[in-house]
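The values are calculated or read from the model by the stated rules, or taken from the named source; none is laboratory data. The structure presented is a predicted model; accordingly, all values stated were derived computationally and were not measured. Heads up, the Cβs are rebuilt from the backbone with ideal geometry, glycines too, and the neighbour counts pull from every protein chain shown. Heads up: the accessible areas ignore ligands, DNA and RNA and are worked out on the full protein's heavy atoms, side chains in. Shrake-Rupley method; radii C 1.70, N 1.55, O 1.52, S 1.80 Å.
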Amino acid sequence: MTVSGSKPLFVLNGPNLNLLGQRERGVYGSATLKDVEAECHALAEALAMTVDFRQSNSEGELVDWLHEAGQKAAGVAINAGAYTHTSIALHDAIKGIDVPVVELHLSNIHARESFRHHSMISAACIGQICGFGTASYTLALRALADRLSKPLG
Ligand code: CA2
């Protein structure tokens, strides 16, 4: 499956994901965010796409990047971290752009503490992928590529 077109896929990462691989390895695994970025670039190349991979601890910066994605990206995969469970601003930013957005999580948020069960952004996204560790990122990119190659009528 390949998808042509010059716009990149944005992969956006929220708060504390810069610590990946350094703490809480039992929950999130030992891969670093740099490792995840490399996996995303490798898959994107195989799909004839490009990835713009970013991380921020700031909710406002993530909102700004979603707005930027609306102009510059073909689609977005987002691990919003803990803002997933709190941020109406991210929900509204996703609703405000016209490109497909996939929500992703390393862990299965539905099998964890009850405060992680609800996502504020799910309803604005085309779908959610969670629980597959770093493969959640490549699965999210595959889901975006699939959607972009055969848009819904
Ligand atoms: O499972 C996921 O990907 C999460 O989005 C990760 C968030 C968490 O708040 C969500 O409920 C589920 C936490 C990201 C913080 O990652 C860390 C990694 C290493 C050490 C400390 C935090």
### Query
For the range 86-93, does any single residue satisfy the condition of being within 16 Å of the ligand (Cβ to nearest atom) and touching a Phe, Trp or Tyr at 6+ places or on another chain (Cβ under 8 Å)?
yes
### Query
Which of (1) over 17 Å from Cys130 (Cβ atoms); (2) within 16 Å of the ligand (Cβ to nearest atom); (3) open to solvent by less than 30 Å² (accessible area, probe 1.4 Å) is the odd one out, the single condition Gly75 does not satisfy?
(2)
### Query
Do we find a residue being within 15 Å of the ligand (Cβ to nearest atom) and among the polar types (S, T, N, Q) anywhere in the range 98-110?
yes
### Task
Please work out which one of (1) open to solvent by less than 70 Å² (accessible area, probe 1.4 Å); (2) over 15 Å from Leu144 (Cα atoms) is the condition Val11 fails and give its number.
(2)
### Query
In the range 109-139, what residues are out of contact with any helix residue (DSSP H, G or I) (no Cβ under 9 Å at 6 or more places or on another chain) and either within 24 Å of Asn18 (Cβ to Cβ) or hydroxyl-bearing (Ser, Thr, Tyr) (or both)?
Glu113, Ser114, Ser136, Leu139
#### Entry: Enumerated helices (runs of 4 or more DSSP H) restricted to the range 1-72, each holding at least 1 residues that are near the ligand (Cβ under 10 Å from one of its atoms)
25-28, 33-46
### Message
List the residue pairs whose Cβ atoms are under 8 Å apart, where the first residue sits in the range 88-117 and is assigned to a helix (DSSP H, G or I), the second is among the aromatic types (Phe, Trp, Tyr) and within 11 Å of the ligand (Cβ to nearest atom), and the two are 6 or more positions apart or on different chains.
### Response
Leu90/Tyr83
